[in-house]
Amino acid sequence: MVEIFEQHDDIRTFFAELLLPVPIPRLFTYRVPRVSQENIRVGQRAIVPFGERKVVTGVITSIHEKAPQEYEAKYILELLDTFPVVSDVQLRLFHWIASYYLCTAGEVLNAALPSGLKLSSESMVQLHPAFSFEETPYSFTEKEALLLRTLAGESMDYTAIATLLGVKNPYNILKLLAAKEAIILFEELREKYRPKTDRRIRLTAAYTTAKPLEDLFQTLATKPLQEAVLLRYLQLVHVMQDPISNTAGLSRKVLTDDPELSDSSIKTLVKHSVFEEFDVIVSRFPDEDVGSTPIVPLSPLQQQAHQDILKSFTTHDYTLLHGVTGSGKTEIYINLIRQAIEGGSQALYLLPEIALTTQIVHRLKKVFGTTMGVYHSRFSDAERVEVWNGVLSGRFKFVVGVRSSVLLPFDNLGLVIVDEEHDSSYKQQEPAPRYHARDVAMMMAHMHHAKVLLGSATPSVESYYQAQQGKYGLVTLDKRFGDAQLPQVVLADIGRERRQKTLKGDFTGLLLRKIDETLQQKEQVIIFQNRRGYSPMVNCEDCGWVPKCVNCAVSLTYHQYRHALVCHYCGYKENLPQQCPICTSARLKTVGYGTEKLEEELNLHFPNAQVQRMDLDTTRSKNSYETIIDQFERGETNILVGTQMVTKGLDFDHVSLVGIFHADRMIHFPDFRSYERAFQLITQVSGRAGRRDKPGTVIVQTSDPEHPLLQLILRHDYRGFYEVQLADRLQHHYPPFSRLIEITLKHADKRVCRQAAETLAEACRTNLSSVYILGPGEPAISKIRNQFLMNILIKVPRANANLGQIKSTLLSLAESLTQQKEFRSTRIILDADPM
Ligand code: ADP
Ligand code: ZN
Ligand code: ZN
């Protein structure tokens, strides 16, 4: 290409297609400035004008010479990279995600790029890329010419321009210049990401040999403070024996933090060019425990599973590892990852949001050291940029991360592990792209010719079905590691205890007794209740009034520590009234147990025990989550009570009792996956008990001990559970026998919302064939943030080969609905494979 440029430099014009992080389903064509023609590459980021005044960062997806027909292409303002930061496979994957999950590739790009790789905005002025004094047909005033000459080297902001021109407001001048196509007004192109730097100090080259150094000491003989600084430096950096160590220098902080050294002496030595200061870029990730521990040898059962997985990989791209809790799946993953890295490829280990704890990161760091990147939503954006760049540069061969790490710029992936593959937090709910990280990982692996291992103690019905069908390989580990036994599950019958009057609040006598015994034996307890706050509801004992959210169709949760009624959907908050606003009764009663109330009552029942609560409210600050886990691990806490957060991935030595406070609500939640969720949740949290030599016990409090699902859980009968579920799914056309697409309509007016939903459902019925269409109907929560909701559910049988066609039909039906005047402000959300 370079030679061609040299020959025809003056006649050829190049254009680039850009993917922009905007929800518009197309690419945009821009003109490539002359200066960039040789350096531009697919996968680089570029800054482009977008709309009237905006500037956005996009990614170049192709370069060509076809001028767009419908519009005059604008110029690319600036190339941000010298090499591609988005890989080819990634671009293909983004387009696949967009079409599968009914969104735009721009929305995927927006989710993928950490905001530090996008740009922040502030009004700025730059020379127009096509401007030159020789070619312009316009003439300029003196002030204009001065500004244009100054802008030749740099971009400037309003204030700087006002100062330069000596005017109060340069707006009119700028407007005229813009009209003459001499400048561009834009929002500042400042990269948000700044690498972390360390200010260092070293001896200047003049003093690195013996003679000048001796002379220097002579000079400093009368200046003991400066001499002390020099001496300390020479103690720490062996300038003579190891000249390179002086090149690397010393962190300036080491000297300034030293109480015996004077700051001003350091400055003086720098001023006199004895020392010089410089900055180096340092990692935000400390190099701890660098690969210090060798891998632990696998048990014979683990070895067998490991071999089976490798064997399965020879015939299957996807393999499911069904291993009971505590069977040692993690050690198997570690072995596989190491093999993949040693084979020269990249590896990705996906974990659900809350399972990615310091526990697991430490364990992995010990093996993989600094070759491992951690990608977590609790991380700052700068840390995420560093992982992104680390994957690009090859520094991180292996990433452990949450959902969004499937969007990282891998270019040579060999293995993906999706741990707890059944977990619903792999699915992004809001905003688009509403993708499922497990399924995206599988598509991504397919594009890289990589292998995928799905792991779970309670596989999703969908994945297990694929394994049963032979589409995925299946490897089973049905024993815990070592001598550990699966815990014994016991049902505590709330109804019977109520009749026998042994119930205390909502605590069964059985659960209280077991907690007491466990604490006596100096063992630890985990209590799980999936509701935060004090009480999920408040209720007037005289007239039955229940405080509801003003914005949503839900009752408010009482939070005692905030003395407030709070909506868990929109955050609305109000004070608990003194009396009922309907009947003025003062008998307002809290109903039901949230984690806060559980914590309070556990403290009353067990005054000598340390009780700690772990839920969204106690883990808002950056390290609180780790702190709670560390304290529990060290045995400083005796009872840990919490929501979902206590169910996943945690591995403690001394937990011998797990209590599930209220199993019934989970089971009876109105969703076709509620049995599956309940089975998974109860099994997972039970799995925290008895992970070492002492057997564990799980107490499940229920009003319905005969419930078939509980009976299956008692027997640890995954297969039995699976068979029952599968029959049910077959009968009602649910996954894995069909694929679901859920349409949600939102409107501030309930009537319009319903009408829009009915119109759309009707259009679906007319235009789609061989699908089942349910609804429209109101979802369980029919109003959120003052928007009324309606749902339509499309079930596409697996045998229907037109999934792609159906999706594009749905998109156009949705679009033509919002083009009708009365439905213009309806929001329509299309969700593929909703969870
Ligand atoms: P899972 O992920 O299947 O629930 P883990 O991988 O957490 O199980 O293993 C359970 C426990 O057994 C952990 O404490 C782990 O350290 C221990 N363990 C597993 N495999 C080995 C091994 N090969 N040698 C020593 N300890 C092991
Ligand atoms: Zn009342
Ligand atoms: Zn609300």
Going through the range 821-834 one residue at a time, which ones are surrounded by fewer than 17 Cβ atoms within 10 Å (Cβ to Cβ) and touching a residue at least 40 places away in the same chain (Cβ under 8 Å)?
-> Glu822, Ser825, Arg827
Within the range 356-404, the residues that are of a type outside the set (A, V, I, L, M, F, W, C), assigned to a loop (DSSP other than H, G, I, E, B) and within 21 Å of Gly343 (Cβ to Cβ) are Gly394, Arg395, Lys397
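Could you list, in sequence order, the residues of the range 619-648 that are assigned to a loop (DSSP other than H, G, I, E, B), without any contact (Cβ under 8 Å) to a residue 40 or more places away in the chain and polar (S, T, N, Q)?
Filtering the range 619-648 for residues assigned to a loop (DSSP other than H, G, I, E, B) gives 619-623, 634-638, 643, 647-648.
Next cut, without any contact (Cβ under 8 Å) to a residue 40 or more places away in the chain only: 619-621, 623, 634, 636.
Within the range 619-648, Thr619, Ser621, Asn623 meet the criteria.
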Sole miss for Tyr534 among (1) buried (at least 21 other Cβ atoms within 10 Å of the Cβ); (2) of a type in the set (Ser, Thr, Tyr); (3) within 22 Å of Leu714 (Cβ to Cβ) is condition (3)
Members of the range 209-257 that are part of a loop (DSSP other than H, G, I, E, B) and either aliphatic (A, V, I, L, M) or more than 20 Å from Asp279 (Cα to Cα) (or both) | Thr209, Ala221, Thr222, Lys223, Val237, His238, Val239, Met240, Gln241, Asp242
Test: Arg53 is touching a Leu at 6+ places or on another chain (Cβ under 9 Å), among the basic types (Lys, Arg) and modelled with pLDDT under 85 = yes
State which residue is farthest from Thr458 (Cα to Cα) when the search covers only the range 329-348 and only residues that are within 12 Å of ligand 1 (Cβ to nearest atom) and either polar (S, T, N, Q) or surrounded by 22 or more Cβ atoms within 10 Å (Cβ to Cβ) (or both).
-> Asn335
Between residues in the range 652-678 that are under 21 Å from Arg719 (Cα atoms) and away from ligand 1 (no atom under 16 Å from the Cβ) and residues that are in a strand (DSSP E or B) and not hydroxyl-bearing (Ser, Thr, Tyr), which pairs lie under 9 Å by C-beta distance while being six or more apart or on different chains?
-> Ala663/Leu491; Ala663/Val700; Ala663/Gln701; Met666/Ile660
So which residues in the range 37-52 are surrounded by 13 or more Cβ atoms within 10 Å (Cβ to Cβ) and small (Gly, Ala, Ser), if there are any at all?
-> Gly43, Ala46
Determine which single condition Leu477 fails, assuming it passes every other condition in (1) out of contact with any helix residue (DSSP H, G or I) (no Cβ under 8 Å at 6 or more places or on another chain); (2) more than 27 Å from Leu602 (Cβ to Cβ); (3) not acidic (Asp, Glu).
-> (1)
From the option list Leu576, Leu604, Leu588, single residue qualifying as touching a His at 6+ places or on another chain (Cβ under 9 Å) and not charged (D, E, K, R) is Leu576
Does Asp439 qualify as being within 20 Å of Asn110 (Cα to Cα) and buried (at least 17 other Cβ atoms within 10 Å of the Cβ)?
-> yes
When His64 is evaluated against the numbered criteria (1) under 21 Å from the mean Cα position of the chain (by Cα); (2) surrounded by fewer than 20 Cβ atoms within 10 Å (Cβ to Cβ), which criterion, by number, is the only one it fails?
-> (1)
Subset of the range 578-603 (residues that are surrounded by 15 or more Cβ atoms within 10 Å (Cβ to Cβ) and near ligand 2 (Cβ under 10 Å from one of its atoms)) = Cys580, Leu588
Out of the range 514-556, which residues are aliphatic (A, V, I, L, M) and within 16 Å of ligand 3 (Cβ to nearest atom)?
-> Met537, Val538, Val546, Val550, Ala553, Val554, Leu556
If you go through the range 763-778 one residue at a time, do you hit one that is on the phi < 0 side of the Ramachandran plot and either within 16 Å of ligand 3 (Cβ to nearest atom) or touching a residue at least 60 places away in the same chain (Cβ under 8 Å) (or both)?
-> no
Has the range 357-368 got at least one residue that is crowded, with 20+ Cβ neighbours inside 10 Å, under 21 Å from Arg395 (Cβ atoms), touching a residue at least 24 places away in the same chain (Cβ under 8 Å) and of a type outside the set (A, V, I, L, M)?
-> yes
Test for His747: is it surrounded by fewer than 20 Cβ atoms within 10 Å (Cβ to Cβ) and away from ligand 3 (no atom under 16 Å from the Cβ) = no
Exactly one condition in (1) crowded, with 20+ Cβ neighbours inside 10 Å; (2) closer than 24 Å to Met835 by Cα is not met by Gln701; state its number.
-> (2)
Val55 surrounded by 15 or more Cβ atoms within 10 Å (Cβ to Cβ) and farther than 17 Å from Ile24 by Cα = no
Taking the residues in the range 460-483 that are touching an Asp or Glu at 6+ places or on another chain (Cβ under 7 Å) and in a loop (DSSP other than H, G, I, E, B) as candidates, determine which candidate is nearest to Tyr333 (Cα to Cα).
-> Ser460
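Yes/no per residue for (1) touching a Lys or Arg at 6+ places or on another chain (Cβ under 6 Å); (2) more than 16 Å from ligand 2 (Cβ to nearest atom); (3) assigned to a strand (DSSP E or B); (4) not aromatic (Phe, Trp, Tyr):
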residue: Ser312; (1), (2), (3), (4): no, yes, no, yes
residue: Leu320; (1), (2), (3), (4): no, yes, yes, yes
residue: Gly326; (1), (2), (3), (4): yes, yes, no, yes
residue: Glu331; (1), (2), (3), (4): no, yes, no, yes
Name the one entry in Ala586, Ala564 that is farther than 12 Å from Ile639 by Cβ, within 16 Å of ligand 3 (Cβ to nearest atom) and among the small types (Gly, Ala, Ser).
-> Ala564
Looking only at the range 459-477, count how many residues are β-branched (Val, Ile, Thr) and closer than 22 Å to Pro834 by Cβ.
-> 1
Is it fair to say Asn791 is under 22 Å from Ser674 (Cα atoms) and in contact (Cβ under 8 Å) with a residue 12 or more places away in the chain?
-> yes
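The values are calculated or read from the model by the stated rules, or taken from the named source; none is laboratory data. Computed from a prediction, not measured in an experiment: that's the story for all the values here. Neighbour counts are summed over all protein chains in view; Cβ atoms, including those assigned to glycine, are modelled from backbone coordinates with ideal geometry.
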